[in-house]
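The values are calculated or read from the model by the stated rules, or taken from the named source; none is laboratory data. Note that this is a predicted model, so its numbers are computed, not measured. Quick reminder, even Gly has a Cβ in these numbers, built from the backbone with ideal geometry, and neighbours come from all protein chains shown. Note: accessible area is taken over every heavy atom of the protein model, side chains too, but ligands, DNA and RNA are not part of it. Shrake-Rupley method; radii C 1.70, N 1.55, O 1.52, S 1.80 Å.
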Amino acid sequence: MAATREALPERFRRAGLLWPTAASLALFLVLTGLGSWQLERKEWKEALLATIAARVAAPAVELARAEAMARAGDDIAYLHVLARGRFLHDKERYLYAPTAAGLGWHVYTPLELAPGRVVWVNRGFVPDANKVRYTRAAGLVAGEVEVSGLVRPYQKKGVFEADNDVARNLWYWPDVKAMSASAFPSIAGPPFAGIAGPPFAIDADRSPVPGGLPQGGVTRLQLPNHHLEYALTWYGLALTLIAVYFSLAAGRLRQGRAAA
């Protein structure tokens with residue numbers, strides 16, 4: 001038995017298979033590990049989608065409760081909330097939101113909850129022709145309003161997102177702190193000096209608006225979930241690697257026996 005155990009490594013050495021075997025084993029472990037990781041990501045994504053669906057369908061909670069949950073460190077993304085205040089329409093900010101039908105914008109407007117206290121509301125989509133406020137005067141509702149929508153925690157700039165053009169009021173990602181600083185330059189230092197508010201924005205629901213604009217309900221709720229396909233791809237590559245390795249090993253071992 002000892003001779004047999006020593007003979008196989010020697011045959012592999014003569015056939016030049018030691019390094020291919022080690023490399024193939026390492027790569028196989030990497031590929032199967034990536035496949036398993038994608039299955040874990042699939043479970044996480046499905047749980048997240050279920051949470052989003054439940055929160056969207058749930059009755060809206062008062063803004064004060066959402067703020068308390070945020071201070072406690074709870075996850076409140078997509079929580080359905082209700083806020084009351086007065087829109088400051090002259091301080092609108094415009095987030096680039098092109099569609100298949102053409103250029104458009106999401107209108108971010110501060111909702112004044114009390115003097116010096118605001119929450120930014122993404123009121124929804126307007127086509128480029130209605131970006132300027134006076135083209136949708138009916139939708140510039142005055143006085144106290146009640147806004148129902150989904151909590152959107154402050155976001156970070158994505159790797160492939162363009163820099164915001166603050167001076168021209170052109171936003172490519174919703175940097176709410178910068179929006180506040182630009183809208184309230186005399187009192188809004190870093191961050192929100194002189195301006196208080198919850199640490200999140202609100203995406204307004206698709207509720208009726210005079211004149212029909214902005215169109216609310218723009219929150220992206222269907223997140224991509226291709227993790228099963230990715231997992232199958234990684235596992236498929238691992239199986240292909242096994243087939244290629246055994247084909248290589250069989251050929252070299254046959255050559256070794258023929259030369260012996």
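Quick notes
- Basic side chains Lys and Arg get +1 at the Cβ, acidic Asp and Glu get -1 at the Cβ, and with that the dipole of the chain about its Cα centre reaches some 900 debye.
- The chain: DSSP helices with Cα axial extent of at least 20 Å and average Kyte-Doolittle hydropathy no lower than 0.5: 18-57, 227-259
- Two-decimal Rg to Rh for the chain - Kirkwood Rh, Cα set: 1.27
- For the chain, with +1 on Lys and Arg beta carbons and -1 on Asp and Glu, the positive-most of Val244, Asn164, Gly149 along the dipole: Val244
- A 1.4 Å probe over all protein chains sorts Asp74, Asp165 by accessible area into Asp74, Asp165, starting with the largest.
- Isotropic mean projected area of the C-alpha convex hull, the stretch 36-167 (nm²): 11.1
- All lysines inside 28 Å of Lys45 as judged from Cα atoms, apart from same-chain residues fewer than 8 positions distant: Lys156, Lys157
- Extension gain, Leu88 to Trp19: 0.36 nm times the residue separation minus the Cα-Cα distance gives 18.0 nm.
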